[in-house]
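The values are calculated or read from the model by the stated rules, or taken from the named source; none is laboratory data. Everything numeric in this text was worked out from a predicted model, so none of it was measured. Here the Cβ positions follow ideal geometry from the backbone for every residue, glycine too, while neighbour counts run over all protein chains shown. Quick note on the areas: whole protein, heavy atoms, side chains included, nothing else; ligands and nucleic acids left out. Shrake-Rupley method; radii C 1.70, N 1.55, O 1.52, S 1.80 Å.
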Amino acid sequence: MATDGESISMSVAVAACVAMAVFYVLILYAPTVILRLPSASSYSEFMIRRFICAAICTVASLVFTAFILPIKSWEASVILGVYGIRTDHLWQGVVYPLLLTSLIYASSLVLKLLLLLESWKENGGGCSSFNYIRSFFQTIPASVLTGASNVSVWRNFIVAPVTEELVFRACMIPLLLCAGFRIYTAIFLCPVLFSLAHLNHFREMYIRHNRSYLRATLIVGLQLGYTVIFGAYASFLFIRTGHLAAPLFAHIFCNYMGLPVLYAQGKGLVSAAFLGGVVGFVSLLFPLTKPLMYNDSTNDCPCWLGYCLWH
């Protein structure tokens with residue numbers, strides 16, 4: 001990326017990114033290893049400790065990155081802009097990436113619809129179906145309250161997506177681009193660090209869940225492969241849109257949906273939807289992420305970063 005101001009060296013940028021990734025993992029064990037606190041008495045207490053540790057790491061990474069980058073202005077709007085935290089073009093930064101991401105889950109969404117139709121038929125259709133739908137909507141408030149008190153919900157849909165996107169996208173990508181790495185190098189380098197930050201899952205699988213070494217390796221290997229793919233996609237969204245909201249909401253949506261459904265016995269429409277979704281995703285990947293749709297500039301580059309750093 002061409003610059004007309006100061007820059008940082010590639011080695012410094014890579015070292016900073018590795019340090020943040022390692023810190024993100026190691027701090028999770030700080031309560032028992034460093035602070036010598038007794039083991040958590042419940043799963044909720046265990047997760048809350050991790051939430052606090054992840055928050056500390058995220059704040060430290062944001063401050064650390066701000067001091068390394070050659071930011072010319074310390075206005076809040078400029079600093080937040082470097083991290084992709086912007087209010088302009090916000091709805092585009094949320095809606096278009098979500099639509100794009102949903103194409104990968106076309107098969108899962110079709111399966112859910114088919115199951116809903118089957119349930120509707122089992123309930124007799126007509127008035128009974130309306131009663132079923134009404135009772136479903138009546139349970140939404142209770143479901144929201146239950147979810148708000150569930151630490152797993154907080155972990156999967158709030159804490160993990162927010163802290164991971166801030167550290168592994170908002171902090172690392174500006175560092176790599178400012179150091180002169182090519183865009184696609186940054187897109188594929190961040191996911192490697194992102195996946196390595198999930199290696200602690202092996203310890204949990206092997207020790208906490210008492211899985212065999214082979215089974216734990218296979219499970220974590222699959223998770224790492226998935227996180228590399230998603231990490232590359234999230235990095236792509238962040239660079240192309242300049243909005244942290246783009247990878248953040250995609251992250252939350254993927255956490256909610258899980259792995260895409262490839263096949264459902266007796267439901268060929270599901271497989272057809274998956275193939276159609278993949279074709280649609282590939283076809284619309286670049287059109288729906290044109291930088292011009294998210295920035296007031298005609299440059300086909302991460303222009304938000306250049307503006308924040310050198311103006």
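Label-to-label distance, residue 285 versus residue 51, with points set 7 angstrom from Cα along the beta-carbon direction: 3.6 nm. Computed with a 1.4 Å probe over protein heavy atoms only, the accessible area of residue 96 comes to about 60 Å².
The apolar share of the surface of region 7-75, taken as the fraction of accessible area on carbon and sulfur atoms (1.4 Å probe, ligands and nucleic acids excluded), comes to 74 percent. Rolling a 1.4 Å probe across all protein chains gives residue 89 an accessible area of roughly 40 Å².
Averaged over its residues, region 34-130 has an accessible area of 58 Å² per residue, based on protein heavy atoms and a 1.4 Å probe. Report the Cα centroid-to-centroid distance between region 11-30 and region 36-50 in angstrom, as an integer. One Cα centre to the other: 23 Å. Per-residue extension of 0.36 nm, minus the Cα-Cα distance of residue 158 and residue 269, leaves a gain of 36.7 nm for this segment.
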